[in-house]
1. Given labels modelled 7 Å from the Cα in the Cβ direction, how far is it in nm from residue 48 to residue 28?
2. Residue separation times 0.36 nm, minus the C-alpha to C-alpha distance between residue 6 and residue 76: what's the value?
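No lab work stands behind these numbers, since they all come straight from the coordinates. These figures come from a predicted structure and were not determined experimentally. Cβ placement follows ideal geometry from the backbone for every residue including glycine, while neighbour counts extend to all protein chains displayed.
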Amino acid sequence: MCSAKSQAVALAARLTALTGYEACTEEFADRIRVSITLPARLTDVCRRSLLAALADADRYGHDMTAHGATVWVEVDGGGAAQKPNTSSSKRS
């Protein structure tokens with residue numbers, strides 16, 4: 001069975017590969033949350049792959065703001081609270 005940390009790392013890598021943006025990870029005492037900015041357009045294949053990644057999490061959601069759209073996933077488990085990695089810039 002995968003640890004929460006390794007599952008969160010794998011989800012972050014999948015989301016980064018799908019979107020081209022760096023994932024933001026926040027670790028809490030009872031869960032790990034990974035969030036990522038969505039590009040303006042997604043291909044059908046990318047959208048299906050994104051939905052498959054979301055389904056592998058314990059919880060997921062979608063937030064819309066004036067600055068764009070973000071999806072997040074949560075994995076139960078976690079550990080000591082850490083300062084979140086808040087980078088979400090486009091990869092080169």
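1. Spacing of the two 7 Å Cα→Cβ label points: 3.4 nm.
2. Taking residue 6 through residue 76 to full extension adds about 24.0 nm, to one decimal.
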